[in-house]
Amino acid sequence: MWLLCLFIAQDPTFAQFYQFRTFLNPAATGSEKGLNVAMIYKNQWNYVPGGFNTYGMSVDVQSARASSGFGVTAYRDVEAKTLQTNYVSGSYAYIARITKNINLHIGVNAAFVNKSIDRSKLIFTDQLDAEVGQVPGGSSSNIVLRKVNYFDLDAGLLLRFRYNIHDHAVHNSFGFAVHHLTRPDESFQNINTKIPMRFTVSYGAMFPISRGKYKRNVDFYVSPVLKFDYMEKLRVYNAGMFATFKPVYAGVMYQLNQYKNNNTHGLIIIGGIDWDLGQDDFMTLNVGYSYQLDFTGVTSKSRGQHEVTIRMNFNKVAIDGPKKKKSKKIDCYDFPGKNAVKLF
């Protein structure tokens, strides 16, 4: 039964994809000033013994002088204590200043992936009987390898731009990424099972709604967010809206999964807190939680999907590259004042 899942398995997906930015798009590496540390945990399909659990962490830093970002991303994905995926990658992004209010980020990501399978926990069709159920004895199914290692390559573009409404900046982030450019072989049976390329389009923005007490800082923002993934016969659509009022934010997203002629629908509820800590706001700590309720398909019985994120930004930390004679600042997209939650 689990063997079938191995050959149609897809990449891990996250409801709070905007927090795990370097995994979403390598061009987001170093997109925010300072040193950024993100951690994510996802739990789903609890009705399956062991469930599906994903643990991820990323670190990226911006070098303003070098107009670049450098990052490392890792995750571990465990499916029903049977299939394990360990992933580690390094990413680089060049930040080109097009105009005062437009930056273009160009990123690449090189990854090493290890997959392992516990055959003893698999049940194959030739071990099942219509009357007695599972029958003792082994299976004739041929799993040659217990571990598979491969290298992978991703690339992406990220356009960040702003314009003003009543002297307050509206920030926009539009990204496009291509994953699995090398189309590595992940087969345990030596049958040349190549991973299809995955294309990701994402968009997020922050619109100021009301001003603060002294009309100098914006207190309340609304943020539309969109993401689309295309991977062979699978299409995943995410669309939602956030409201932020420092230090809290909340949002709701709708998710549609299309695989061949089958559609599944889900509703994602998200909330979090964004604190400025330390002297001179040395660190910003963001803690988020999301719950996804699926209405159709197998996942409707999964007891929901839980996700927890922690993101830390040390905005005083940076890598200094070679000093340029006419260095141009690339951090022109900092949100004004202390009253904005940096989701994108």
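Simple spin-label model, 7 Å along Cα-to-Cβ: Phe228 to Ile273 in nm?
My value for the distance between the label points is 3.8 nm.
Can you order the peptides 66-76, 222-232 by their average number of other Cβ atoms within 10 Å per residue, highest first?
66-76, 222-232
How long is the gain from Ser116 to Arg303 if the chain were fully straight, where each residue apart is worth 0.36 nm and the alpha carbon distance is subtracted? Walk me through the numbers on the way to the answer.
Numbers: separation 187, 0.36 × 187 = 67.32 nm, distance 2.67 nm.
This chain segment gains 64.7 nm when fully extended.
Does a label point 7 Å from the Cα of Phe220, set along Cα-to-beta-carbon, have any residues of region 230-251 with amide nitrogen under 19 Å, and which are they?
Those under the cut-off are 241-251.
So for the pair Asn164, Tyr237, with labels modelled 7 Å out along Cα→Cβ, what separation do we get in nm?
Computed distance between label sites Asn164 and Tyr237 equals 3.7 nm.
Give me the number: length gained by fully extending Tyr150 to Ala96, i.e. 0.36 nm times residue separation minus the C-alpha to C-alpha distance, one decimal in nm.
Values: separation 54, 0.36 × 54 = 19.44 nm, distance 3.17 nm.
Result for the pair: 16.3 nm of gain on full extension.
Listed here are the pairs Lys100/Lys194; Lys42/Lys100; Lys81/Lys316; Lys115/Lys316; Lys147/Lys260; Lys81/Lys246; which of them are more than 32 Å apart at the Cα?
Numbers: Lys100/Lys194 43 Å; Lys42/Lys100 38 Å; Lys81/Lys316 41 Å; Lys115/Lys316 38 Å; Lys147/Lys260 29 Å; Lys81/Lys246 40 Å.
Checking Cα-Cα distances, Lys100/Lys194; Lys42/Lys100; Lys81/Lys316; Lys115/Lys316; Lys81/Lys246 exceed 32 Å.
What length, rounded to one decimal in nm, is gained on full extension from Ser210 through to Asn261, with 0.36 nm per residue of separation minus their alpha-carbon distance?
Values: separation 51, 0.36 × 51 = 18.36 nm, distance 4.44 nm.
Here the answer is 13.9 nm.
Every number here is computed from the coordinates shown, using simple stated rules; none is lab data. All figures in this text were calculated on a predicted structure; none of them were measured in a lab. So basically every Cβ, Gly included, is an ideal-geometry build from the backbone, and we count neighbours across all protein chains shown.
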